[in-house]
Amino acid sequence: MGNLRITNEGIEARNMDIVNEMINDTGDDRSHIQTNDKVVLVVEDDLRFGKILIEKAHEKGLKAIVATNYLEVFDFINRYSPIAITLDVKLPDTSGWKVIDLLRNDLTYRHIPIHVISGEENRMLALKRGARSFLLKPLDNDLLNVLFDDIVSYNSRETRSILIVEDNELDSSQIAKIHQDDLLRITIASTGKEAIELVNHEEFDCIILDYTLPDIAGGDLIHEVSKAKSKLTPVIIYSAKDFSKMELNNINLNSSSLIVKGVNSIEYLLEETMSHLHINHKNLAAEKRRVIENIRNKEDILTGKYILVVDDDVRNLFALTTVFERFNINVIIAESGKEAINILNENPKVEMVLMDIMMPEMDGYETMQKIRREHKNSTLPIIAVTAKAMKGDRQKCIEAGASDYITKPLKVDQLLSLMRLWFCK
């Protein structure tokens, strides 16, 4: 799906890529990546720090690509399939937190571990949003070594290990059964004492914990496990208990997530575990893959949205409509700027506009200016679709009233990610 070439302007776009590669001032490895290289994507607009990360990657036998804005993030992930991402949350054109939300909520990208680097103390926020680790700037050499050693070792593990701590045999066998897979090694502990013993002597990649065990209070158990486990191991609380405010605070501080036992909760648990283990759902057995896709597709932020697509080329309209229908997006089409304005006048339901810039009579720039002027609608997201990635294009689109822009030939994954970004509050 990644590179669905919707237009026939591919050659031109590829030539532009070559020009962009020539003026790449990040000094990264994008122009010499071989098939078997392991790539780290560095999302960072401070090029001096970017260069330090590139050097460290090289030291560890990795290649590094630097993205300085979020459009590049999606483009580079699709192009280079990185084994990990380091992300500075202060990006010039959007917040890095939004980008994490997007990557973690998108099945295409979710298995890639994200290591957040920030100038402010945001550890809890980062881990809650699904980052694998959090590092506070400035970073010394030791911390960088720890970061890159984890990237290398985590990627090279053939299997991931899960510890299930659960005294109810029916529950533990059910949890084990749904997680049974060649990629996973499962251990079960039926008492708190046994669990703490195991965590002290073995490294697990994820721990699933029942809060109510016969031999130890839930709060103490979480505390002991947190103390003994490796720093990066996520803990998922899976329990039927009705928690007090104080217990919830404790859970919040010492675990990655909480799933309440109930109808279908076991499926949500599987989805959550795979997400924290950074396992690509495509590599799982078919029925597990379906469970995860069903949960995710129900929750896609684009489901049910009303999108106006403005383009004078019927082939583009057809291609986009086909893709959008798969996501249950309601598509309204306009073949000219004038028609687009009429539709907006009559249809208050439109939640976003995709605006082709190159149209006869009234081009996209003019149409956007008119929409912003006449509709006084300053919050409606308008994504401009431009044919050539010329420097200054983005500026021109933004000045005409676009919220954002994307270039042809449209890569569908990238377009969907960009749309999600604008619906992410």
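Relative to the longest principal axis of the C-alpha atoms of the chain, give the angle of the C-alpha long axis of helix 286-298, reported between 0 and 90° and rounded to the nearest 10°.
Approximately 60 degrees, to the nearest ten.
Just to confirm a number: summing +1 for Lys and Arg and -1 for Asp and Glu over residues other than ASP150 whose beta-carbon lies under 15 angstrom from that of ASP150, what do you get? Intermediate results must be reported in sequence, preceding the final value.
On the way: positive: LYS38, LYS56, LYS60, ARG132, ARG157, ARG160, LYS229, LYS231; negative: GLU59, ASP142, ASP149, GLU203, ASP205.
That works out to +3.
For ARG289, what accessible surface area do you get with a 1.4 Å probe? Give it in Å², rounded to 10.
About 80 Å², ignoring ligands and nucleic acids.
Calculate the length of the line joining the C-alpha centroid of segment 94-110 to that of segment 236-314, in whole Å.
Their Cα centres are 14 Å away from one another.
Cut-off 10 angstrom, C-alpha nodes, Gaussian network model of the chain. Which of MET358, MET368, MET246 fluctuates the most?
Among MET358, MET368, MET246, the largest GNM mean-square fluctuation belongs to MET246.
At a 1.4 Å probe radius, which order do GLU346, GLU287 fall into by accessible area, largest first?
Working: GLU346 145, GLU287 105 Å².
Descending order: GLU346, GLU287.
Residues with beta-carbon under 13 Å from that of GLY304, excluding GLY304: net charge, scoring Lys, Arg +1 and Asp, Glu -1?
Working: positive: LYS298, LYS305, LYS349; negative: GLU299, ASP300, GLU325, GLU351.
Net local charge, GLY304 excluded: -1.
Could you work out how far helix 265-277 tilts from the main Cα principal axis of the chain, as a 0 to 90 degree angle to the nearest 10?
So the helix axis and the longest Cα principal axis differ by about 80 degrees.
With +1 on each Lys and Arg Cβ and -1 on each Asp and Glu Cβ, and nothing else charged, work out how big the dipole of segment 242-401 is about its Cα centre, in Debye to the nearest 20.
On the way: 21 positive and 24 negative charges, 78 e Å.
Roughly 380 debye for segment 242-401.
Do the sum for the chain: with -39,500 (n - 2.57) for every DSSP H run of n ≥ 4, divided by all residues, what is the mean residue ellipticity at 222 nm, to the nearest 500 deg cm²/dmol?
Details: 17 runs with 192 residues, N = 425.
Computed mean residue ellipticity for the chain: -14000 deg cm²/dmol.
Could you tell me which of rounded, prolate or oblate describes segment 166-268, using a ≥ b ≥ c as the square roots of the eigenvalues of the alpha-carbon gyration tensor, with rounded for a/c under 1.5 and, failing that, prolate when a/b is larger than b/c and oblate otherwise? Before the final figure, lay out the partial values.
Numbers: a/c = 1.42, a/b = 1.08, b/c = 1.31.
Rounded, since a/c falls under 1.5.
Pick from ILE251, ILE52, ILE175: which residue has the top mean-square fluctuation in a GNM of the chain where Cα pairs under 10 Å get a spring?
Most flexible of the set in this elastic network: ILE52.
Which angle from 0 to 90°, rounded to the nearest 10, does the C-alpha axis of helix 412-423 make with the longest principal axis of the chain?
Compared with the principal axis, the helix lies near 80 degrees.
Hey, if we sort VAL40, VAL331 by accessible area with the 1.4 Å probe, largest down, what's the order? Each step should come with its number before you reach the end.
Values: VAL40 0, VAL331 40 Å².
Heavy-atom accessible area, descending, gives VAL331, VAL40.
Can you bin segment 297-425 into rounded, prolate or oblate? Criterion: square roots of the alpha carbon gyration tensor eigenvalues sorted a ≥ b ≥ c, rounded for a/c under 1.5, prolate for a/b above b/c, oblate for the rest.
Numbers: a/c = 1.36, a/b = 1.22, b/c = 1.11.
Cα axes put segment 297-425 in the rounded bin.
Hey, which lysines would be in cross-link range of LYS98, C-alpha to C-alpha under 17 Å, not counting anything within fewer than 8 residues on its own chain?
Reachable lysines: LYS90, LYS128, LYS425.
The values are calculated or read from the model by the stated rules, or taken from the named source; none is laboratory data. In this text, all values refer to a predicted model and were calculated from it rather than measured experimentally. When we count neighbours, we look across all protein chains shown, and the Cβ atoms used for this are built from the backbone with ideal geometry, even at glycine. Calculation scope for accessible area: heavy atoms of the full protein, side chains included, ligands and nucleic acids excluded. Shrake-Rupley method; radii C 1.70, N 1.55, O 1.52, S 1.80 Å.
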